[in-house]
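The values are calculated or read from the model by the stated rules, or taken from the named source; none is laboratory data. The shown structure was predicted, so the numbers you read here are calculated from the model rather than taken from an experiment. Here Cβ is always computed from backbone atoms with ideal geometry, including for glycine, and neighbour counts include all displayed protein chains. In case anyone asks, the SASA skips ligands and DNA or RNA and just uses the protein heavy atoms, side chains included. Shrake-Rupley method; radii C 1.70, N 1.55, O 1.52, S 1.80 Å.
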There are 2 protein chains.
Amino acid sequence: MKRTDFMSLALQQAQEAARRGEVPVGAVLVCDGAVIAAAGNRTRELADPTAHAEMLAIREAAAKLTAERLCGCDLYVTLEPCTMCAAAISFARLRRVYFGATDEKGGAIVSGVRFFSQPTCHHVPDVYSGLGETDASALLKGFFRTRR
Amino acid sequence: MKRTDFMSLALQQAQEAARRGEVPVGAVLVCDGAVIAAAGNRTRELADPTAHAEMLAIREAAAKLTAERLCGCDLYVTLEPCTMCAAAISFARLRRVYFGATDEKGGAIVSGVRFFSQPTCHHVPDVYSGLGETDASALLKGFFRTRR
């Protein structure tokens with residue numbers, strides 16, 4: 001599978017989140033070319049403010065590998081990770097982060113606290129932005145339009 | 001119960017975490033004067049890089065109240081929360097955060113990204129530092145001394 005295929009799977013997770021009434025963000029975690037975890041936002045369903053797509057994918061992958069550190073694993077996520085998720089990505093020692101749309105209001109990679117550029121960030125993944133941005137952004141805009 | 005009693009309970013959680021071989025940090029969540037969740041670090045035991053004491057306490061409380069937002073709830077934690085936990089505290093809409101020792105290397109309240117002072121932080125709790133600092137700090141120092 002190619003990087004665009006992995007991002008398409010993340011987008012599918014985002015679409016499923018939208019159908020559940022959740023903010024449509026999706027993520028997949030890839031290790032040695034295989035998807036080992038996939039998740040969409042479930043904060044409402046689980047009544048858990050930490051249940052962002054990235055957090056659920058990281059927790060699922062870490063549980064599967066019985067490892068706190070996911071060295072060599074890559075995250076594909078449809079939206080720029082927030083401050084909480086950026087720090088979790090660093091703790092999990094992910095190798096690469098591919099994200100779709102940027103999030104000026106809540107993001108923490110190229111927006112906000114830019115956590116990976118901070119001295120209190122002790123592991124920095126490689127970051128690739130803009131992959132699948134158009135689709136991810138359209139999904140989010142459509143979701144919030146129907147909510148107003 | 002008084003604030004010092006709640007912090008003593010958080011410190012007990014930290015001591016139990018140390019006995020499990022985890023970095024000794026503990027947290028309790030208080031709602032209407034009652035403890036509704038208590039946790040110590042379990043990142044190793046659960047193989048979950050996100051399983052910090054604060055995260056586990058917030059998730060436990062949110063599950064109990066079946067609510068993403070814990071408005072009116074207060075967190076007592078022995079160490080200054082990290083970037084991940086600071087953002088989770090904000091998402092959970094906690095009212096107050098009491099913490100013991102400061103954490104220059106990994107903290108995100110008075111150290112590091114000082115998340116609650118950032119424009120991408122959309123809910124800011126009241127913060128009280130230094131409560132139980134001496135005990136919390138001694139526990140952490142003792143733990144890391146025996147590890148070297």
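So which of B:Phe143, B:Phe99, B:Phe91 is facing chain A (nearest Cβ under 8 Å) and of a type outside the set (Ser, Thr, Tyr)?
Values: B:Phe143 fails: facing chain A (nearest Cβ under 8 Å); B:Phe99 fails: facing chain A (nearest Cβ under 8 Å).
On inspection, the qualifying residue turns out to be B:Phe91.
Every residue, every condition in (1) farther than 27 Å from A:Asp103 by Cβ; (2) surrounded by 14 or more Cβ atoms within 10 Å (Cβ to Cβ); (3) touching a His at 6+ places or on another chain (Cβ under 9 Å), yes or no:
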site	(1), (2), (3)
B:Glu80	no, yes, no
B:Ser90	no, yes, yes
B:Glu104	yes, no, no
B:Ser111	no, yes, no
B:Ser117	no, no, no
B:Gly130	yes, no, no
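Would you call B:Ala67 open to solvent by less than 10 Å² (accessible area, probe 1.4 Å) and out of contact with any His (no Cβ under 9 Å at 6 or more places or on another chain)?
Details: open to solvent by less than 10 Å² (accessible area, probe 1.4 Å): no; out of contact with any His (no Cβ under 9 Å at 6 or more places or on another chain): yes.
Criteria not met by B:Ala67.
Within the bounds of the range B:43-53, is there any residue that is of a type in the set (A, V, I, L, M, F, W, C), at pLDDT 95 or above and surrounded by fewer than 17 Cβ atoms within 10 Å (Cβ to Cβ)? It would help to see each step written out before you state the result.
Residues of the range B:43-53 that are of a type in the set (A, V, I, L, M, F, W, C), as a first pass: B:46-47, B:51, B:53.
Within this subset, residues satisfying the condition of being at pLDDT 95 or above are B:46-47, B:51, B:53.
Filter once more, keeping what is surrounded by fewer than 17 Cβ atoms within 10 Å (Cβ to Cβ): none.
Checked against the condition, which is being of a type in the set (A, V, I, L, M, F, W, C), at pLDDT 95 or above and surrounded by fewer than 17 Cβ atoms within 10 Å (Cβ to Cβ), the range B:43-53 yields no hits at all.
Out of the range A:65-94, which residues are closer than 23 Å to A:Gln12 by Cα and of a type outside the set (A, V, I, L, M, F, W, C)?
Across the range A:65-94, the qualifying residues are A:Asp74, A:Tyr76, A:Thr78, A:Glu80, A:Pro81.
When you go through (1) more than 7 Å from chain B (Cβ to nearest Cβ); (2) out of contact with any helix residue (DSSP H, G or I) (no Cβ under 9 Å at 6 or more places or on another chain); (3) not in a loop (DSSP other than H, G, I, E, B) one by one for A:Arg44, which number turns out not to apply?
Failed condition: (1).
Of everything in the range B:57-71, what is touching a helix residue (DSSP H, G or I) at 6+ places or on another chain (Cβ under 7 Å) and at the interface with chain A (Cβ under 7 Å from one of its Cβ atoms)? Give them in sequence order.
Initial filter on the range B:57-71 (touching a helix residue (DSSP H, G or I) at 6+ places or on another chain (Cβ under 7 Å)): B:58, B:68, B:70.
Answer for the range B:57-71, where residues must be touching a helix residue (DSSP H, G or I) at 6+ places or on another chain (Cβ under 7 Å) and at the interface with chain A (Cβ under 7 Å from one of its Cβ atoms): B:Ile58, B:Glu68.
Within the range B:12-41, can you find the residues that are open to solvent by 40 Å² or more (accessible area, probe 1.4 Å), within 21 Å of B:Phe144 (Cα to Cα) and either in a strand (DSSP E or B) or not aliphatic (A, V, I, L, M) (or both)?
Residues satisfying the conditions are B:Gln12, B:Gln15, B:Glu16, B:Arg19, B:Arg20.
Quick grid of which residues meet (1) under 26 Å from B:Cys73 (Cβ atoms); (2) free of Cβ contacts under 8 Å to residues at least 24 places away in the same chain:
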| residue | (1), (2) |
| --- | --- |
| A:Leu9 | no, no |
| A:Ile36 | no, no |
| A:Asp48 | yes, yes |
| A:His52 | yes, no |
| A:Arg59 | yes, yes |
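Go through the residues of the range B:118-128 one by one and say whether even a single one is under 26 Å from A:Ala47 (Cα atoms), within 14 Å of chain A (Cβ to nearest Cβ) and charged (D, E, K, R). Let's see the steps before the verdict.
Initially, the range B:118-128 is screened for residues under 26 Å from A:Ala47 (Cα atoms), giving B:118-127.
This time we only want the ones that are within 14 Å of chain A (Cβ to nearest Cβ), so: B:118-125.
Applying the additional criterion that residues be charged (D, E, K, R) yields none.
Among the residues of the range B:118-128, not one is under 26 Å from A:Ala47 (Cα atoms), within 14 Å of chain A (Cβ to nearest Cβ) and charged (D, E, K, R), which makes the answer no.
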